[in-house]
Amino acid sequence: MNRKAIRRIPLDKFFDLKVDFAFKQLFGSEKNKQITIVFLNAVLKLTGRDTIKEVTFIQHELGGEYQDDKQSRLDILVKTQNGDFINVEIQLSNQQDMTKRTLYYWAKMYETQLVRGMRYSELRPTITINICNFTMFKDNKDYHSTYHLYEDRILSRLMPDEDVLEIHFIEMNKFITLWHEEKLDALDDILIRWLLLLGMVDGRKKKVYAEIYRELEELAMKDENLRAAFDTWEEISQAPETILAYQSRLKYILDEEARYIDGINKGREQGLEQGIEQGIEQGRKQEQIELVKKLLKRHETVEEIMDLLGLSREEIERIKSLDLL
């Protein structure tokens, strides 16, 4: 392969592959199947899964999760030559629901395998891969985490011969931090190369990491699949029809994120105001209690205190009982 530059368009024109539309254009297309297979093998290498040699793309909806959003399908769902199901989800912004959402997706995929006349023993392993542009697990410094079904005390697998549940989380912000700290070697780990591809552009911040591009340029000279992915990425990033769709999708995601953050901030402000009001009210009640106690010590009658403070007999009797405790 010659050493010509892998880029023919300006860096700032490349789509952010962490936007689901762009990710699906690259990894969810039949014509790019080989790129998808290489990427999945790079991710699943951590858990020792059998090498994927062939995949079939499946278009699958989970019942209109987003009423006004046409992108309601799973990002990528494939079936391997072994019959295993793999779902890949890319998430740009944190809606604080990724764990439950992941379990829901997994459960629906596992459940839909079962058809009339099929035995439970025929259910195939179902794998979910989540690529998140935010921190999921603060206490875990690794950027790639995997989850299975274990016994709590001895940590033995529920199904050691065939894990039907496997969930991956890849946290891109941790990955980028480790790469900048020079703790990752892309030459020794194929997954690092592919995650550099995903991390080169930050659509939210309108930022491009030129230093990542330079490393990718070197790597692509030796990795034909990475080079093919880069060429396809460049192609989809300059096609007029995909540019409009990408920009619309990115705007939608950022608008939703802004609404979500605005809702949290308003909730906090309302909570603070409510807390202040509750504190003032509690302070008033405490002053009232102390005043009732003083009047009772002066041997004022309950009726006199009722007239003076406008309290009910029950409230005064309750304060009297508190004083006896």
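Descriptive notes on the structure:
- When segment 194-230 is filtered for residues that are farther than 22 Å from Tyr143 by Cβ, of a type in the set (D, E, K, R) and at pLDDT 90 or above, the ones remaining, listed by number, are Glu224, Arg227.
- Taken over segment 150-166, the residue count meeting the criterion of being within 28 Å of Phe23 (Cβ to Cβ) and out of contact with any His (no Cβ under 8 Å at 6 or more places or on another chain) is 1.
- Meeting the requirement of 2 or more residues that are within 30 Å of Asp97 (Cα to Cα) and open to solvent by 40 Å² or more (accessible area, probe 1.4 Å), the helices (runs of 4 or more DSSP H) wholly within segment 179-267 are 190-199.
- In segment 145-172, the residues that are assigned to a helix (DSSP H, G or I) form Cβ pairs under 9 Å with partners that are not aromatic (Phe, Trp, Tyr), at six or more places apart or across chains, as follows: Met172/Lys18; Met172/Ile131; Met172/Cys132; Met172/Asn133; Met172/Leu195; Met172/Leu198; Met172/Gly199.
- Leading residue by the ranking (modelled with the highest pLDDT) among those in segment 83-118 that are of a type in the set (Asp, Glu) and loosely packed, with under 14 Cβ neighbours inside 10 Å: Glu111
- Residues of segment 135-162 that turn out to be under 30 Å from Gly199 (Cα atoms) and in contact with a strand residue (DSSP E or B) (Cβ under 7 Å, 6 or more places away or on another chain), as a count: 9
- Tally of residues being at pLDDT 85 or above and open to solvent by 60 Å² or more (accessible area, probe 1.4 Å) across segment 50-68: 5
- Asp185 under 21 Å from Gln34 (Cα atoms) and among the acidic types (Asp, Glu): no
The values are calculated or read from the model by the stated rules, or taken from the named source; none is laboratory data. Predicted, not measured: the structure shown is a model, and the values here were computed from it. Every residue, glycine among them, receives a Cβ derived from its backbone with ideal geometry; neighbour counts consider all protein chains shown. Please note that ligands, DNA and RNA were not included when accessible areas were found on the heavy atoms of the full protein model with its side chains. Shrake-Rupley method; radii C 1.70, N 1.55, O 1.52, S 1.80 Å.
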